[in-house]
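So the structure is just underneath, and the comments pick up after that.
The values are calculated or read from the model by the stated rules, or taken from the named source; none is laboratory data. Note that the structure is a prediction, hence the values are computed from the model and not measured. For neighbour counting, all protein chains shown are included, and Cβ atoms are generated from backbone atoms with ideal geometry for every residue, glycine included. Surface accessibility is based on the protein's heavy atoms, side chains included, excluding ligands, DNA and RNA. Shrake-Rupley method; radii C 1.70, N 1.55, O 1.52, S 1.80 Å.
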Amino acid sequence: MSFAAKAATSSTTAAEDLLDFIAESPTMFHSAAAIRARLDAAGFIYLSEGAAWEVRPGGSYYTQRNGSSIVAWRVGERVAFPAFGPDSAAQVGSATRVDGAAQSGSAPAASDPAPGAPYHFQLTASHSDSPCFKVKTNGELESPAGYLRLDTEAYGGMMDYTWFDRPLSLAGRVLVREGARIESRLVALNRDVALIPSLAIHMDGGVNKGFAPNRASDLFPLLSAGDLASGSLDMIVADALEIEPSHIVARDLFLVNRERGRVWGVTGEFISSPRLDDLMCAYTSLVAFMNGGNERTVSVYACFDNEEVGSETKQGAASTLLADTLSRVNAALGFGPEDYVRALSASMLVSCDNAHAQHPAHPELADGLHAPQMNGGIVVKEAANQHYCTDAFSRAAFTAVLDDAEVPHQAFANRSDKAGGSTLGNISNMQVSVHGVDVGCAQLSMHSCNETAGARDVDLAIEALTAFYDTDIRIDGADSIELC
């Protein structure tokens, strides 16, 4: 087979769709907006946290917090719901229940779950943020020779050197005041306005022997070489929003790489883009959630902000967002607090955050028996220090689903002398305790300004997570799992 023929057989549609999503998502606020747009287009109903909720069997809904985190859910039509009230009824298999009592002549279908938890949740969680630099409140730094730079600080643990000598843009949210009203607006300049210049090798002859830039001096991006003066930043932002600079009250602005990601390689086997960690998982789990689901569970999609800085915010995985949402869904469906606890005991979370592929130059840094490859399928991550939520029980449930669906999967564990990172699973479990498994797509250059993964893994991740949503996973404590 020729190289051209091999390239033609590589599936790139899903990868290109992912790149469209990433292009829409320069910041966590834009990621949430891109997710909302897809949910709205699919007919999901937005329920504000500040409104009363009405939730029905067969319905699809979502809520958000801080404009940067989203939880969406689809209610199965055959979950054993109690009555909603004297004027409404819910279909339960072949039984219609009114006022909490089954009508004469109706009974649950033989395949309905045995007595136990009245229903359960099947959830995925990903995150909307990526490492970058944030502009400080007083963001302009006047420098010698008429230079104007931006005063920034690190958001998350990026690889600093990858941000040098690259045209960069600004994006985020701006709080705008008009009269007595202050409202939040998204902004993305959609043009390159800044750059972090490196020092010439003639002035730093040892640069190739070691490079440790100082974030308080070397990493301030250049905005102007004399054409702009102090006060220009708000003018630039105001011009993009078509408002007066005086209307800007506050801003969360980030330095972003807006370079379009691409599928590349002789056979189209790679994908490179900013923010693959974790928008690759945010996107693939969203597609799986919207396409999948089964009628006996409440399928849930969560995308949290602030994972890269520890998740301990009102909209992070450690917040009450997920717990608040699930408990309100439980109550809106007519269930009580004990039903909610029982439902959680039978529920399962797939925490989706990318994994490390074995590096071609340093294969020795991976554990030899747990070294994932790009385009090898979704990776199940496990660590004895519990930085990942995977254990034997959750691994068995998830991999059995994938095996039944004939979807490939891989295993990752850190080399035993390396601690590794952590992710969403155990953090969210502090508020909503359920069985959980940590997974992700294998990638190179994690936390670089431009990351690389396998193009075919986009499809494979969607297939894996769709299989998870499609399967009714019935859990009894930590004793047994039934896949239906």
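Close Cβ contacts (under 8 Å, 6 or more residues apart or on different chains) running from residues in the range 250-270 that are farther than 21 Å from S130 by Cα to residues that are open to solvent by 60 Å² or more (accessible area, probe 1.4 Å) and of a type in the set (D, E, K, R) comprise V266/K6; T267/K6; E269/R456. Which condition number in (1) modelled with pLDDT under 95; (2) of a type outside the set (D, E); (3) under 20 Å from the mean Cα position of the chain (by Cα) is the one that V379 fails? Failing condition for V379: (1). Comparison of L175, L170, L186, L123 shows that the only residue that is over 18 Å from I248 (Cβ atoms) and either surrounded by fewer than 19 Cβ atoms within 10 Å (Cβ to Cβ) or within 23 Å of the chain's Cα centre (by Cα) (or both) is L123. Of the residues making up the range 303-317, those that are part of a loop (DSSP other than H, G, I, E, B) and open to solvent by 20 Å² or more (accessible area, probe 1.4 Å) are G310, E312, T313, K314.
Please verify whether W73 is touching a Phe, Trp or Tyr at 6+ places or on another chain (Cβ under 7 Å) and either over 14 Å from L326 (Cα atoms) or not hydroxyl-bearing (S, T, Y) (or both), treating the condition exactly as stated. Taking the combined requirement at face value, the residue satisfies it.
Over 17 Å from the mean Cα position of the chain (by Cα) and farther than 19 Å from I35 by Cα, is that true of V249? Yes, satisfied. Scanning the range 7-33 for residues that are outside any helix (DSSP H, G or I) and of a type in the set (V, I, T), we see that the one that is modelled with the lowest pLDDT is T12. Filtering the range 16-62 to residues that are of a type in the set (S, T, N, Q) and open to solvent by 40 Å² or more (accessible area, probe 1.4 Å) leaves only S48. For the range 293-302, the candidate set comprises residues that are among the polar types (S, T, N, Q) and part of a loop (DSSP other than H, G, I, E, B); within that set, the residue that is most open to solvent (accessible area, probe 1.4 Å) is N294. For the range 141-159, name all the residues that are charged (D, E, K, R) and modelled with pLDDT of 95 or more. Passing the criteria: R149, D151, E153. Considering the range 200-238, and only residues there that are open to solvent by 80 Å² or more (accessible area, probe 1.4 Å) and in contact (Cβ under 8 Å) with a residue 12 or more places away in the chain, the residue that is farthest from V174 (Cα to Cα) turns out to be F211.
Restricting attention to the range 189-198 and to residues that are surrounded by fewer than 18 Cβ atoms within 10 Å (Cβ to Cβ) and under 23 Å from E244 (Cβ atoms), the residue that is modelled with the lowest pLDDT turns out to be N190. Within the range 126-167, if we keep just the residues that are closer than 20 Å to I70 by Cα and out of contact with any Leu (no Cβ under 8 Å at 6 or more places or on another chain), the residue that is surrounded by the most Cβ atoms within 10 Å (Cβ to Cβ) turns out to be D129. Taken residue by residue, the range 318-325 has no member that is surrounded by fewer than 19 Cβ atoms within 10 Å (Cβ to Cβ), more than 11 Å from the chain's Cα centre (by Cα), at pLDDT below 95 and not in a strand (DSSP E or B). Please work out if P360 is farther than 30 Å from S327 by Cα, out of contact with any helix residue (DSSP H, G or I) (no Cβ under 8 Å at 6 or more places or on another chain) and open to solvent by less than 20 Å² (accessible area, probe 1.4 Å). Judged against the criteria, P360 is not a match. Across the range 257-292, the qualifying residues are those that are over 20 Å from the mean Cα position of the chain (by Cα) and among the small types (G, A, S), and the one among them that is least open to solvent (accessible area, probe 1.4 Å) is G268. Residues that are closer than 22 Å to G58 by Cβ, outside any loop (DSSP other than H, G, I, E, B) and not polar (S, T, N, Q): does the range 356-370 have at least one? Checking the range 356-370: not a single residue is closer than 22 Å to G58 by Cβ, outside any loop (DSSP other than H, G, I, E, B) and not polar (S, T, N, Q). Of everything in the range 133-167 that is within 15 Å of V256 (Cβ to Cβ) and of a type in the set (A, V, I, L, M), the residue that is nearest to the chain's Cα centre (by Cα) is M158.
Might you let me know whether the range 330-348 holds any residue that is among the β-branched types (V, I, T), open to solvent by 10 Å² or more (accessible area, probe 1.4 Å) and farther than 18 Å from T452 by Cα? Yes: one or more hits.
Taken over the range 341-365, the residue count meeting the criterion of being free of Cβ contacts under 8 Å to residues at least 40 places away in the same chain and either touching a strand residue (DSSP E or B) at 6+ places or on another chain (Cβ under 6 Å) or among the β-branched types (V, I, T) (or both) is 1. Assess whether L344 counts as being among the aliphatic types (A, V, I, L, M) and in a helix (DSSP H, G or I). Yes; evaluated as a whole, the condition is true for this residue.
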